[in-house]
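The values are calculated or read from the model by the stated rules, or taken from the named source; none is laboratory data. Keep in mind that this is a model prediction, so the values were computed, not measured. Glycine also receives a Cβ, built like all others from the backbone with ideal geometry; neighbour counts cover every protein chain displayed.
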Amino acid sequence: MKFKNFEDIEYELIFAIPKFSRAVEGLCDSPDTERPQIIVDPQLLKRRKLNVLIEEVFHAHLYDLPEWKARKFAANLGKLIYSTFMAEPSRRCARRKPRKRRLNNRRSDLI
């Protein structure tokens with residue numbers, strides 16, 4: 001799958017185990033490389049794979065921002081997407097029912 005970032009640079013998305021280190025779950029090439037790629041480990045669990053994909057696409061669009069910002073953004077967006085669309089129905093975020101308003105026991109309320 002391919003997509004373009006804000007500067008119209010085309011990235012290729014590849015699901016493969018990153019070759020450099022087993023501890024790496026995903027990689028994003030610099031937009032300055034000839035054919036930039038994003039690599040995401042396909043063996044990750046569904047929710048972790050989603051977060052890594054979001055993080056690496058974030059890097060493709062905003063390459064100069066620090067890693068911690070990409071991770072925080074990916075964790076927040078991944079949680080929202082997963083809980084809204086991917087989690088089992090019993091674990092999805094449900095809308096709370098509105099609370100019933102209590103009547104104050106003031107004299108004016110009783111008259």
Query - Contacts under 7 angstrom Cβ, first residue in the stretch 48-62 being more than 15 Å from Tyr11 (Cβ to Cβ), partner of a type in the set (A, V, I, L, M), 6 or more apart - result: Lys49/Val40; Leu50/Ile81; Asn51/Ala74; Asn51/Ala75
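Look through the stretch 6-47, keep the residues that are of a type in the set (Gly, Ala, Ser) and within 21 Å of the chain's Cα centre (by Cα), and return whichever of them is modelled with the lowest pLDDT. Spell out how you get there, then give the answer.
If we filter the stretch 6-47 for residues that are of a type in the set (Gly, Ala, Ser), which is where we start, we get 16, 21, 23, 26, 30.
Checking the rest, the ones that are also within 21 Å of the chain's Cα centre (by Cα) come to 16, 23, 26, 30.
Numbers: Ala16: 95, Ala23: 83, Gly26: 94, Ser30: 96.
The residue in question is Ala23.
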Report summary line: Over the stretch 33-47, the set of residues in a loop (DSSP other than H, G, I, E, B) and either surrounded by 11 or more Cβ atoms within 10 Å (Cβ to Cβ) or touching a residue at least 12 places away in the same chain (Cβ under 8 Å) (or both) is Arg35, Pro36, Asp41, Pro42, Gln43, Leu44
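Inspect the stretch 52-62 for any residue being loosely packed, with under 11 Cβ neighbours inside 10 Å and either outside any loop (DSSP other than H, G, I, E, B) or modelled with pLDDT of 95 or more (or both) and give the result as yes or no. Don't jump to the end; show me each part of the working.
Residues of the stretch 52-62 loosely packed, with under 11 Cβ neighbours inside 10 Å: none.
The answer is no; no qualifying residue exists.
Here is a yes/no grid of residues against (1) among the hydroxyl-bearing types (Ser, Thr, Tyr); (2) out of contact with any helix residue (DSSP H, G or I) (no Cβ under 7 Å at 6 or more places or on another chain):
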position	(1), (2)
Phe3	no, yes
Tyr11	yes, no
Val24	no, yes
Val40	no, no
Report task. Show the residue pairs that are 6+ apart or on different chains and have beta-carbon atoms under 8 Å apart, the first residue being within the stretch 9-32 and on the phi > 0 side of the Ramachandran plot, the second being modelled with pLDDT of 95 or more and outside any strand (DSSP E or B). Result -> none
